[in-house]
1. Tell me, what is the FRET efficiency for D90 and N412 to the nearest 0.05, using R0 = 60 angstrom and their Cβ-Cβ distance as r?
2. So if each residue of separation counts as 0.36 nm, and I subtract the Cα-Cα distance between Q207 and I138, what length gain in nm does that give?
3. Show the residues, 5+ positions off or on another chain, whose built amide H is closer than 5 Å to the amide H of F302.
4. What order do you get for 268-276, 93-101 when each peptide is scored by the mean count of other beta carbon atoms within 10 Å, highest first?
5. Tell me which residues come under 5 Å, amide H to amide H, from E482 once H is placed; ignore anything under 5 positions away on its chain.
6. Over region 472-582, what relative contact order in percent results from Cα pairs under 8 Å that are six or more residues apart?
7. Would you pull out the residues with amide H under 5 Å of L380's amide H, same chain only if 5 or more places away, H placed 1.01 Å from N?
8. With each label point set 7 Å from Cα along the Cα-Cβ vector, what nm distance links W254 and Q309?
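Bear in mind these aren't lab numbers, they're just calculated from the coordinates by the rules spelled out. These numbers come from a predicted model, not from an experiment. Don't worry about glycine lacking a Cβ; one is built from the backbone with ideal geometry, like all the others, and counts go over all protein chains shown.
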Amino acid sequence: MRFEFLKFKFLALLVVGFSFLLSPSFSHSDSVSTTGVQFLEIPAGVRGAGMGGMFTAVADDVSTMYWNTAGLAQLDHIELNLLHVVYFADTNYEFLGAALPIQSGSTLGLSAAFDFVPSFNSTNNPSAVPGSANDLAIALGYGQTFGDNFALGIGGKFISSNLVTYSAIGEAVDAGLLLYTQNKDLTLGLSVQNVGQISNFSDYSSQEKLPMVYRAGLTYRFQQPGPIHFLAGVDLQKPIDNDAVVQTGGEVWWGDKSFAVALRGGYSLNPLNQDLGSGVGASVGAGVRVSDFELNYALVPFGVLGDTQRFSLTYRFGFDEGESHQQDQTKKTSAVEIKPQIADYQTGTLKQATFDIKPQARTDIKNWTLEITDPKGNVLRSYSGKGVPPRQIAWDGKDNNGNVVAGGIFANYNLRTVDVRGQQVVASDPIFKVAKVSAKEAPLLASVSMEPRVFAAPSIPESIQPVGMSGAMKVPSISFDEKSSRLTPEFENYLDQVARLIRRYPNCRVYIEGHSYDEGTEQQALLLSQNRADRVLRYLVEKGRVSPDNLYSRGHGASTPMDTGDTEEARGKNRRVDIIIITK
């Protein structure tokens, strides 16, 4: 709680400092435009326009190319946006934007903005040839997250302006920053736009300033479970050629991913609007989302100049409708990898299991829970927390009371995360996974050694005594040639005996543990041991007619040698596969 408060104070101080830089006394502006290509100041976003121009810290759709390039880092689906503005003075404005995620937290953005005025006569001569005017800006941007609380963005744009028979070209750079708390409820946005120059219409050798703008924004998202989502915020905007503008607004959504409606409102306190009449500065908007599509509308009055109406259509690739969408999210949002466990088969306990947690969209997670359960679903051990889960959690094989869990090798895990929109994602699996059965031979790490074998194939005694836990049997090990996972014929005959033993216990579980020793790098040894375990499993299924449902294979590399001696006999003991049959 104290950490969140300190971050809030830090963000507030940044806004105050930025506000000072934007103050009129600091900039000495005279409220008269001294820059060219003013169309660059037309807001290229319907949602932001409907909230009074407040969007610098919201920055969560492709229109962030205009407001704050750092917002691109928040977009995790391919997104297309078309915008049309019916402006006053017969001016039309169009915007096309696209977001292309490269990986989680890393996104490219492309946009093109275009305005045009139809033919007009700029002279008092009715017979004069009509002229026209248009402007074009093509932009490329990139946003990247850094950790769980920080994102940066940068973009460049090419600008072309045409007026009757004159033309000018220029280039500009945009940059942005986002800082957000752990749950992303409080966000600070800073950006600078149009840092560059454009050639003079009459002389390409001379340059004019572009309408550079500084922005600072603070947004708070009210996180609550259910179908209603609300945000509110304030922006400070400082053009280099005009006084600072305060913009504030909010947005509320009702619904879910498959269908939702939105209402927006805002107010822009701009000194330039004082002479345009009452009601100027207020804006309203609405939106509707149906599955992949989102349609938005905003009305922004300009008093005596008239009203401007804005429409946009957004399409996001990768969204499914209704319940199927939520199921897909469940499958792909979280991933858990379990590192090799240290197991004690004589007692049936699991000494340690390490979980590597890799959820997508880590910054969107509000809280999480990891539960270790027995086969009946009873919780043995639980871990939980707020915000993003740690990248690694180690379970020591004990329950919540500190007692060693008997039969811990049967445990399952359930990882559940809840994001800032109230959506739950659940990932679950057995701690010991069933290996996939394939007809193909596992790849060999090296050629098969032609040295004579040290050990003859074992045979199963008529009476096998359980070791440790009741119902657990460890049959004689299978040895392999150096750097090989090939089964020799004598061991195939032995596995036929093992298969007959397994079939006597239809409900048993069989753990097939592969090992290697002094056979390449650590990674090569681990892969070789897994290949050996998988080869034995395939033989038991394909030739031994054993059901694969309860067969588990796992490679341990060189981590558990049987004999650490430096002799061929010792190395032969370690190039092995152990088979443990648990009947209860």
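1. On the way: r = 67 Å, r/R0 = 1.12.
Calculated value: 0.35.
2. Gain on stretching Q207 to I138: 22.9 nm.
3. Under 5 Å from the amide H of F302: D307, T308.
4. The most tightly packed comes first, giving 93-101, 268-276.
5. S449
6. 43
7. I372, T373, D374
8. Result: 2.4 nm between the two label points.
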